[in-house]
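Visitor: First the structure, which I've put down as structure tokens, then a few questions once you've had a look.
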Amino acid sequence: MVGTVCRGWPILSKTCEVIPSALESVVTMPRPERSACGSAAKETPQMRGSGPRVAKYRQVEAPIRRGGIRMISGFATCQGRLCRFLLIGALMSPLSPASCARASEGPEPPKTIAEGDAVGTTTRPAISTAEPACVDRSQGRWTCQPAEFNSGSARLKGIIFVPDGESAVPGVVILGGSERGPRTRMKERLAEHFAGAGVAALIYDSPGTGQSTGNALLQTREARAEEAVAAARCLRENARIAREQVGVMGISEGALVAMLAAARDESLAFAIPVSGSFGISMTELARYRIEVQGLARSLKLEEIQKALLLEEILFTLMVGPEGTEWRLIDMKAQQWSQEDWTELVSVVKAVRQADSPSEREDQWQRLRRAMQVFRSAPWFDLVVVDVDRFDRFMGLSSSQCYAFIKQGPLAADDFDKVRQELEQLPKVRCPALAVWGEHDNFLPPHRSAAFVKSCLSRAGHKDATFRIVPNASHILTSDGGGDRFADGFPNLLTEWLSPRFSPGRPVER
């Protein structure tokens, strides 16, 4: 089991261990007896980037209850880092910055944050062998302060980049995408840009990663929105922050999280959603990604059609058969009768219907064999962007996988996502800056922008700005490759904020 989970992760030490059957475990952890935000907490050796790292077991309580069952995920803890079984961004909608970089640039030797790596050039999820330290690149323009806050039963830790000076300054919480991982160099670069322009910025480790407790595996977008609101409260408690000038910025999945947070908390001063897939279902997103990237790679149309079919089948496996047009899927599968499509369709149906432990084990082994046939196809990575992570998922026990499939946040998500956006976006009243990259290979930027414009304008929103940045990727880096942000993107953020929020300037609603 250990070998299955850790294979393909050179940065993980040989001390990597796995909590068996953890998805079905029940763990109760006491809530820390501390204030909502510990931004004035004493700096630790790990915060300074030094001190020993010890591999150990860690079990954390899930912040989600589904069907009255409390669930936790299994983690491999290696040198203080968590090798998570996080499937949300690894299967049907892999919109994490690390996934985007891998898909756009092809394979290269993996690096770590500790080596000065940036998201735009990694080939693995952003996990390092050392705690991300707040390296002094400020040249006297800002300082870094440790921050801690509670969200549910989790204790989350991060860093606030505070501009130098005496007056109170605006503040922004920076939220990541579906990778839900530790602090990354990309987030640090954004925080440094904000701080250099006079805006404090908070970045933090997601639940169960880095120095944070908790569990992001089964976290819904609503739970992430509550977490964002808690992070904003933490930022307000810093003595240098203007309490009425704190907002949120989110990238990819974090874009929707930022807007959900703004919809539920009127005290948020602004929202900056970046590369949000608004108004588009998860299946549509996957199809867009497969078609755009398949054509960019000059794959044959038949290969792209096969990738689309496999995506549809696997998505049904993860979210459930309700609403699935099996007749159409069967007709597509019969187009390649000489291949094993019919068997794959049959086993996915059987996996979802299996009840007893023995039946589930039999069907899970059958699914593994069926998937192995397609694993070597040249188009497979169009469907599953993070193939290594998918392999680890297929290596889990049947009980672990069934726990995730039956109880995970992907269930019925294809329907809930757009409904949620239609209901919540019109509730956003604060100023909003929505940004997309013109050459986003993971979502259709113009359709997303049109949807947000429609929702906000119909609700009478008075201060919404929309920008599609030329020659920019999904994570707003230059589409020519590398980790450099697209021309004008960082300045766009602070130039939009400047006339609305500045030291001593009151918020106008």
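Visitor: May I ask you to compute the full-extension gain from residue 462 to residue 328, defined as 0.36 nm times their residue separation minus their alpha-carbon distance, rounded to one decimal in nm?
Guide: Separation in residues times 0.36 nm, less the Cα-Cα distance, equals 43.8 nm.
Visitor: Averaging sequence separations of C-alpha pairs under 8 Å and six or more residues apart, then dividing by the length of the range 282-395, give the relative contact order as a whole percent.
Guide: 30 percent
Visitor: Pull up all non-local amide H partners of residue 173: gap of 5 or more, or a different chain, and H-to-H distance under 5 Å with H placed in the peptide plane.
Guide: Counting only residues 5 or more places away or on other chains, the set is 202, 247, 248, 249.
Visitor: Just to verify a number: FRET efficiency for residue 143 and residue 368, C-beta to C-beta distance, R0 = 35 Å, to 0.05?
Guide: 0.10
Visitor: Please go through the residue pairs 406/427; 417/453; 187/462; 349/406; 300/332 and name each one whose alpha carbons sit more than 25 Å apart in this structure.
Guide: 406/427; 187/462
Visitor: Let me ask something additional. Can you run phi through the Karplus equation (6.51, -1.76, 1.60; θ = phi - 60°) for the range 429-436 and list ³J(HN,Hα) in whole Hz, with x for Gly and Pro?
Guide: Once rounded to whole Hz, the list reads 10, 6, x, 9, 10, 9, 10, 9.
Visitor: I'd like the distance between the alpha-carbon centres of the range 320-341 and the range 286-319, rounded to an integer number of Å.
Guide: Taking the Cα centre of each part, the range 320-341 and the range 286-319 sit 14 Å apart.
Visitor: What order, most packed first, do the peptides 270-281, 162-173 have when packing is the mean number of other Cβ atoms within 10 Å of each residue? Before the final figure, lay out each step's value.
Guide: Numbers: 270-281: 25.1, 162-173: 20.8.
Descending packing order for the listed peptides: 270-281, 162-173.
Visitor: Amide H to amide H, which residues 5 or more places from residue 142 or on other chains are under 5 Å from it, using H placed in the peptide plane?
Guide: For residue 142, whose amide H was placed from the backbone, the distant partners under 5 Å are 164.
Visitor: Which order, highest average first, do 209-217, 322-330 follow once you tally other Cβ atoms within 10 Å for each residue and take the mean per peptide?
Guide: 209-217, 322-330
Visitor: Would you please put 347-358, 393-404, 175-186, 195-206 in order of how densely packed they are, using the mean number of other Cβ atoms within 10 angstrom per residue and starting with the highest?
Guide: 175-186, 195-206, 393-404, 347-358
Visitor: Please list, in order along the range 197-206, the HN-Hα scalar couplings obtained from phi with the Karplus expression 6.51 cos²θ - 1.76 cosθ + 1.60 (θ = phi - 60°), rounded to whole Hz, x for Gly and Pro.
Guide: In residue order, the calculated couplings are 9, x, 10, 5, 9, 10, 10, 8, 7, 5 Hz.
Visitor: Amide H of residue 160 versus every other amide H placed in the peptide plane: which residues, excluding those fewer than 5 positions away on the same chain, fall under 5 Å?
Guide: 145, 147
Visitor: Spelling out what I want: for every residue of the range 266-277, take phi, set θ = phi - 60°, compute 6.51 cos²θ - 1.76 cosθ + 1.60 (Karplus), and round to whole Hz; glycine and proline get x.
Guide: Working through the residues one at a time gives 5, 6, 5, 7, 6, 9, 10, x, 10, 6, x, 8 Hz.
Any read-out appearing in this document is the output of simple, stated calculations on the displayed coordinates, not a laboratory observation. The structure presented is a predicted model; accordingly, all values stated were derived computationally and were not measured. Cβ sites come from the backbone with ideal geometry, for glycine too, and all protein chains shown count toward neighbours.
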